There are 4 protein chains.
Amino acid sequence: MSKAKFNVAMIGSGFIANVHSNAFRQVGHFFDIPYNICCKVICGRNRAKLEKTGFRWGWSELETDWQRVVARNDIDAVDIAVPNALHSAIAIAAAEAGKIVLCEKPLASSLEEAEKMTKAVRRIPNAVWFNYRRIPAVVLAKQLITEGRIGQAFHYRALYLNQSGNDPSKGNTWRYKRSEAGMGAAGDLLSHSLDLALYLNGAIRDLSAMMHTFAPHRDVDDATLLLSRFANGSIGTFEASRYGVGCQNRNTFEVNGSKGMLGFALDDMNQLDFFDATEPANLQAGRRIAVTGLDHPYGKNFWKPGHVLGYEHPFIATLGDFLNSIAQQEPFHANFEDALVVQRVLHAVERSSASRAWVNVDEIPTQPTIKR
Amino acid sequence: MSKAKFNVAMIGSGFIANVHSNAFRQVGHFFDIPYNICCKVICGRNRAKLEKTGFRWGWSELETDWQRVVARNDIDAVDIAVPNALHSAIAIAAAEAGKIVLCEKPLASSLEEAEKMTKAVRRIPNAVWFNYRRIPAVVLAKQLITEGRIGQAFHYRALYLNQSGNDPSKGNTWRYKRSEAGMGAAGDLLSHSLDLALYLNGAIRDLSAMMHTFAPHRDVDDATLLLSRFANGSIGTFEASRYGVGCQNRNTFEVNGSKGMLGFALDDMNQLDFFDATEPANLQAGRRIAVTGLDHPYGKNFWKPGHVLGYEHPFIATLGDFLNSIAQQEPFHANFEDALVVQRVLHAVERSSASRAWVNVDEIPTQPTIKR
Amino acid sequence: MSKAKFNVAMIGSGFIANVHSNAFRQVGHFFDIPYNICCKVICGRNRAKLEKTGFRWGWSELETDWQRVVARNDIDAVDIAVPNALHSAIAIAAAEAGKIVLCEKPLASSLEEAEKMTKAVRRIPNAVWFNYRRIPAVVLAKQLITEGRIGQAFHYRALYLNQSGNDPSKGNTWRYKRSEAGMGAAGDLLSHSLDLALYLNGAIRDLSAMMHTFAPHRDVDDATLLLSRFANGSIGTFEASRYGVGCQNRNTFEVNGSKGMLGFALDDMNQLDFFDATEPANLQAGRRIAVTGLDHPYGKNFWKPGHVLGYEHPFIATLGDFLNSIAQQEPFHANFEDALVVQRVLHAVERSSASRAWVNVDEIPTQPTIKR
Amino acid sequence: MSKAKFNVAMIGSGFIANVHSNAFRQVGHFFDIPYNICCKVICGRNRAKLEKTGFRWGWSELETDWQRVVARNDIDAVDIAVPNALHSAIAIAAAEAGKIVLCEKPLASSLEEAEKMTKAVRRIPNAVWFNYRRIPAVVLAKQLITEGRIGQAFHYRALYLNQSGNDPSKGNTWRYKRSEAGMGAAGDLLSHSLDLALYLNGAIRDLSAMMHTFAPHRDVDDATLLLSRFANGSIGTFEASRYGVGCQNRNTFEVNGSKGMLGFALDDMNQLDFFDATEPANLQAGRRIAVTGLDHPYGKNFWKPGHVLGYEHPFIATLGDFLNSIAQQEPFHANFEDALVVQRVLHAVERSSASRAWVNVDEIPTQPTIKR
């Protein structure tokens, strides 16, 4: 019953590093995993934050230089939880050192970096923390779509709104600087919506986008809106904003199809709305499914039916699935290639906004060395 | 195509007389009725209010003495929309004069009066304005129960809460005086909940009730709570209050049965909640049916699917059904006998509250002359 | 107390003619109006439908030729409730005959027609039935915006979704033919959303739109999506579709501003969502206002607090306000000029969709004779 | 920075032992605690379950005899997570051995046992896992009540409904046997509602209750309903049922007071409904507060504003607060005395149901040795 040791290095000590740390601590409590996770070293530049996060989650060692971490022989996996602009150097170095690589979304601060990173991890198990794919309600949505329960898709619409941009105290973090984040709401919020759209509704063909900055001196978008056509014939609208005053963390999607409709909202993350248009007319109705049952995705991993999950559980599920995929040498998604597709759409969004024209996503140039 | 004339006399000129007047004006626009309704005379004691209401709705004549109205040969139907304590004298006189009688709920201010009234109208078409029975969502609930869609009933629970009692400006109306209203929240609000419960879930066997008055000098109940057993084996809770601060007009019921659940709330009156426990486990969910479809009750009478109804429409439907029942000599519900059952339960409520003991509803004495 | 007679001619006998007829019948019951409304003549080409609608609402005369109606001296007002392509000829003829003109939305089936119509009614009282402006919750939203309660606007988003297009039985009506309707979802649904946006959030500067037809042989749009910039600096998204399966009549808008947020949904039309971002942080929350109080718009016209309104009430309020505006010689909105602005935006939408480019609304040519 | 060791023994290995284990594992990640928690030994009779739970949560040792556990010198705290009828022997033995005692609710399977237990722990830190007290929304409700934001209480109503009783597969567990559970829905569900009511609204004076068993051969209540009067003058209704088909875990309360209303539902556990009746009439509304902010209870312990908590977090908060109360020698609630009050009300419920009469809670005899 003794399991292989799995030594983890966390690069980063901010909010999301805490969320990842929790996942490493909790994954074995809820998933049968073939490894004995060891929280070996945490690395960060801000000493106070590093000590606090390291101590809080019981990381064995503290380190301030990520290159030393990546160079260690005793590290199996590197988890990247730092500002976007730092992702590529760390990911590429870790991959070159043969480490398993996990990376926070968005994958990179530019398409070029994302392509290099994706190339670098080609032969290495890799994952991107698009955690919302593993909310049970989202997985159920995917199942229902795959089963044809909503038929041919007509409309996809997604919102991701928070109000952080309207808060003057937020404006100075790395998330509001092009040099560190690459993009604003588009990278931070829209990337989540796009990943879910690609997962649930397939490839995006072309789009018309508007990136807008409300704050006078910011060099990233505060809000990004877009219209799109999907390869499956449906059409979509996306809106991501840090000026959605009244919305703290409103991440929603809806799909209308020939046989029904699905709807999800992160602030009611344990529920999925489903309208079945094939039922008798007098009973057709939106039904709100509490996705906490034993027959639901991850229903046997966490608590009991009717006992709700919170923000951290999809991270735990992401990690649980990733660890098992490594052991079973099976594909895992979202991986760097999936995240690269998001990055390509984000690039198309930037082009469309700059040119005030529709942009065909497939025409965004791809490095020929990247096989996909 | 010429229809029989149907001369109506309205007794009362307050809020509810306005609602009834609207029903008389509108019924022919939404229901095929065999009569040519004529709003002949309206009768009230307050001259200013009488003129205002009479003029507003186009009543042909104004009158201040109801006895003169009842004595007229040219009146086919008398509609009683005055304080509760006045119902019985008018209803009995109208019935004795051979008039069709419509009466606002609750039927009377005492069980004794209600029994006399019911006896008086025995051979005359009669109706009580328990209008909520004809909300489309409520009729759909009844249909689903009758079809066995929720199976054997276990629980029935009803609330009817408003906040009028906490408003000092309201305390002086007839509704807050035993001499005019008979009861407080029990007659005003609980009577509605009981009528719906009897309609949807059948007879009440026994009950334990608490009537409570919060205001220092009032002689009627501000709130009435009760536990009950139904003849069908289910158990119930009821709460009616004028101190439900935060609730303007919250009239709800829920039924849990072996196969599902139904729920209704008046402030979302176009919707019925239905949980079907016979569906596959992973899709079981509360569904919120918008009861505005062509296949729904009254779906062809009013607007189009998705176009909502308001407070007055169930009154119009009540009147439409009643007029057709007269022409077709078919039974109509809620009639005086139905309302008498409500009155008997209200009487049991008073007894139980006074005695602090369970009361068997069937043991409430009934006049032997009333055949039911 | 005798009032001036106001003879109305209704052109049309379909669904919306019924809704307008109801407004003429009910307006005097809920509004103090200075006229004695007379439902004089109804005109339609389908004899059976004409008779049915005429009889249902008590129109005194039936007519099949609208030109004869417009030529009559005894008609004060002409109400146009026919397919879009017929609006302009009737409106212009009625205006030339000196009639007051009311017209169903959208104003016309083309911008050119709309401009001619608007010019024709310049000196005549005129109204367009953009009825949703007079939902109490919408008026309250307008009041709160005007009072500055949500501060500077950042985002406006609107949906108008129904599922009629996915219903094969619907495809043959005039609404699905360019020759009769001019546009599809854009004219039918988006026009409502645009009118509310212009009313609540002001002028639209430029836009990028996509019109899409899902059904193989239709020549109108089944869905129209657009991104926009408003003159006030906010940015907007609009989506109108007849393929919104799962949505019967889902007309919503939301506005995020620097101080708060407003939200409305037609299927909960008695409620307005308001988030006040100036409150103490721990109590900030979306509040759902039941807009049925005495202090609310139209609160004294209809029923009591907590007693909900339905689909027809905003039509009654539109008519009540219009009649009073005539008597008091005050401006009334939405009038033909307001509807012309909507039509201009719709025209820009068509151009943008055709050219796959952003279009500046102000660059849409306007007839110089129209002073605005 | 080295902390005192705190050796825990868990008695039980079922569902709730897993939930408690999670709390012991997680408490240090979210709360500053003065101890170094050591999950020393877990004890259970079912070897397979014991091994599974012990291994899952990393308990150092497995044990099958609780008496051996209690006798160990190296155990600081004993946590009781076994069927109700076993609570008292373990708690008393642990207390006599000087251990800190934590006990799952309800405290005992009879009032007599509860009194003995409470006496036994008099001088020892003790806690009962009434975890719902520490849901942030519930704590905020308590704060608002304490601040007088809802004024004088009029009504308290609580539901706790699940559908487990209607599931034949459930009937054989200890929860459905008087010998092991003491009571059915009353102990399992109503105890939670009562604890919250006592916490939020104060003492219960008297009550009228109905305990009902739907299943033919069960000797515990499937549902318990009650009416009550509180010491503060308000009146209450409670309904707890395992036959609430359609409700998986519906635990709700509402309080109406002279100045406002509060409402909570466990399936939306991150939200609190608050109606402030002191606001201007036109803005009065139910507001739904997302209780995830930095200014909210436990807002700094868990994630970020807008990032929701799940079922396990209140357990973690309960443990965090308890551990700090021990170190600071401050009172902790809910403790055994608090749970004894619940047990006394449950006893009154049984008496009332058996006698079909109102029962005064203060007349339930109390052991004189218990000072409260």
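The values are calculated or read from the model by the stated rules, or taken from the named source; none is laboratory data. Since the model is a prediction, treat every value here as computed from it, not as a measurement. As a convention, Cβ positions derive from the backbone with ideal geometry for all residues, glycine included, and neighbour counts pool all protein chains shown. Each accessible area value is taken on the protein alone, full model and side chains, heavy atoms only, with ligands, DNA and RNA left out. Shrake-Rupley method; radii C 1.70, N 1.55, O 1.52, S 1.80 Å.
I need the full set of residues from region C:163-173 which are out of contact with any helix residue (DSSP H, G or I) (no Cβ under 6 Å at 6 or more places or on another chain) and surrounded by fewer than 19 Cβ atoms within 10 Å (Cβ to Cβ), in order please.
Scanning region C:163-173 gives C:D167, C:P168, C:S169, C:G171, C:N172, C:T173.
Tell me, yes or no, whether region A:124-135 has at least one residue that is closer than 23 Å to A:A85 by Cα and open to solvent by 30 Å² or more (accessible area, probe 1.4 Å).
There is at least one residue in region A:124-135 that is closer than 23 Å to A:A85 by Cα and open to solvent by 30 Å² or more (accessible area, probe 1.4 Å).
Output the residue which, of all residues in region D:302-321 that are buried (at least 24 other Cβ atoms within 10 Å of the Cβ) and more than 13 Å from chain A (Cβ to nearest Cβ), is nearest to D:A137 (Cα to Cα).
Restricting to residues being buried (at least 24 other Cβ atoms within 10 Å of the Cβ) and more than 13 Å from chain A (Cβ to nearest Cβ), the top hit is D:T318.
Please work out which residue is most open to solvent (accessible area, probe 1.4 Å), limiting yourself to region B:1-33 and to residues that are modelled with pLDDT under 95 and within 20 Å of B:D74 (Cβ to Cβ). Talk me through it step by step, then tell me what you get.
Taking region B:1-33 and keeping what is modelled with pLDDT under 95, we get B:1-4.
Next, from what is left, pick out any that are within 20 Å of B:D74 (Cβ to Cβ): B:2-4.
Working: B:S2: 118, B:K3: 79, B:A4: 54 Å².
Checked region B:1-33; the qualifying residue most open to solvent (accessible area, probe 1.4 Å) is B:S2.
Would you pick out the residues in region D:328-355 that are buried (at least 20 other Cβ atoms within 10 Å of the Cβ) and of a type in the set (G, A, S)?
D:A334, D:A339, D:A348, D:S352, D:S353
Where residues in region B:38-52 are open to solvent by less than 50 Å² (accessible area, probe 1.4 Å) and away from chain C (no Cβ under 12 Å), which of them is farthest from B:G98 (Cα to Cα)?
In this case the residue turns out to be B:L50.
Starting from region C:1-23, keep only residues that are among the aromatic types (F, W, Y), then list their pairs with residues that are assigned to a strand (DSSP E or B) and surrounded by 19 or more Cβ atoms within 10 Å (Cβ to Cβ) whose Cβ atoms are within a distance under 6 Å, requiring at least 6 positions of separation or different chains.
C:F6/C:Y35; C:F6/C:I37
Kindly provide the set of residues from region B:14-49 that are touching a Cys at 6+ places or on another chain (Cβ under 8 Å) and hydroxyl-bearing (S, T, Y), ordered by number.
Within region B:14-49, B:S21 is the sole residue that qualifies.
Of all residues in region A:230-246, which are at the interface with another protein chain (Cβ under 8 Å from one of its Cβ atoms) and either touching a helix residue (DSSP H, G or I) at 6+ places or on another chain (Cβ under 6 Å) or of a type in the set (D, E, K, R) (or both)?
Residues satisfying the conditions are A:E239, A:S241, A:Y243, A:V245.
Looking only at region D:100-136, count how many residues are within 17 Å of D:Q329 (Cβ to Cβ) and over 16 Å from the mean Cα position of the chain (by Cα).
6
Suppose we filter A:N249, A:N270 for residues that are within 8 Å of another protein chain (Cβ to nearest Cβ), within 23 Å of the chain's Cα centre (by Cα) and within 15 Å of A:L161 (Cα to Cα); which single one remains?
Going through A:N249, A:N270 in turn, the sole match is A:N249.
Are there any pairs with C-beta distances below 9 angstrom linking a residue in region D:49-63 that is closer than 14 Å to D:G12 by Cβ to a residue that is among the acidic types (D, E) and not in a helix (DSSP H, G or I), with the two at least 6 apart or on different chains, and if so which?
D:L50/D:E63; D:G54/D:E61
So for region A:209-223 (the condition being over 23 Å from A:N162 (Cα atoms) and either more than 9 Å from every other protein chain (Cβ to nearest Cβ) or open to solvent by less than 10 Å² (accessible area, probe 1.4 Å) (or both)), does at least one residue qualify? Let's see the steps before the verdict.
Keep residues of region A:209-223 that are over 23 Å from A:N162 (Cα atoms), which gives none.
Checking region A:209-223: not a single residue is over 23 Å from A:N162 (Cα atoms) and either more than 9 Å from every other protein chain (Cβ to nearest Cβ) or open to solvent by less than 10 Å² (accessible area, probe 1.4 Å) (or both).
For region B:53-65, state whether one or more residues are away from chain C (no Cβ under 11 Å), in contact with a Cys (Cβ under 9 Å, 6 or more places away or on another chain), surrounded by 22 or more Cβ atoms within 10 Å (Cβ to Cβ) and among the β-branched types (V, I, T).
no
Is it fair to say B:S325 is of a type in the set (S, T, N, Q) and surrounded by 18 or more Cβ atoms within 10 Å (Cβ to Cβ)?
no
Take region A:144-183 and flag every residue that is farther than 30 Å from C:A240 by Cβ, within 22 Å of the chain's Cα centre (by Cα) and not basic (K, R).
Within region A:144-183, A:S164, A:T173, A:W174, A:Y176, A:S179, A:E180, A:A181, A:G182 meet the criteria.
Count, please, the residues in region A:174-187 that happen to be crowded, with 24+ Cβ neighbours inside 10 Å and at negative phi. Steps first, answer last, please.
Quick first cut of region A:174-187, residues crowded, with 24+ Cβ neighbours inside 10 Å only: A:182-187.
From what's left, at negative phi: A:183-187.
Adding up the residues that qualify gives 5.
Has region B:70-86 got at least one residue that is in contact with a Ser or Thr (Cβ under 7 Å, 6 or more places away or on another chain) and modelled with pLDDT of 95 or more? Write out each step before concluding.
Taking region B:70-86 first, the residues in contact with a Ser or Thr (Cβ under 7 Å, 6 or more places away or on another chain) are B:84-85.
If we keep only those that are modelled with pLDDT of 95 or more too, we end up with B:84-85.
Yes: one or more hits.
Of the conditions (1) within 14 Å of chain A (Cβ to nearest Cβ); (2) out of contact with any strand residue (DSSP E or B) (no Cβ under 9 Å at 6 or more places or on another chain), D:H296 fails just one. Which one is it?
Evaluating D:H296 over (1) within 14 Å of chain A (Cβ to nearest Cβ); (2) out of contact with any strand residue (DSSP E or B) (no Cβ under 9 Å at 6 or more places or on another chain) leaves (2) as the failure.
Would you be able to tell me the number of residues in region D:7-37 that are away from every other protein chain (no Cβ under 13 Å) and not small (G, A, S)?
Number satisfying all stated conditions: 6.
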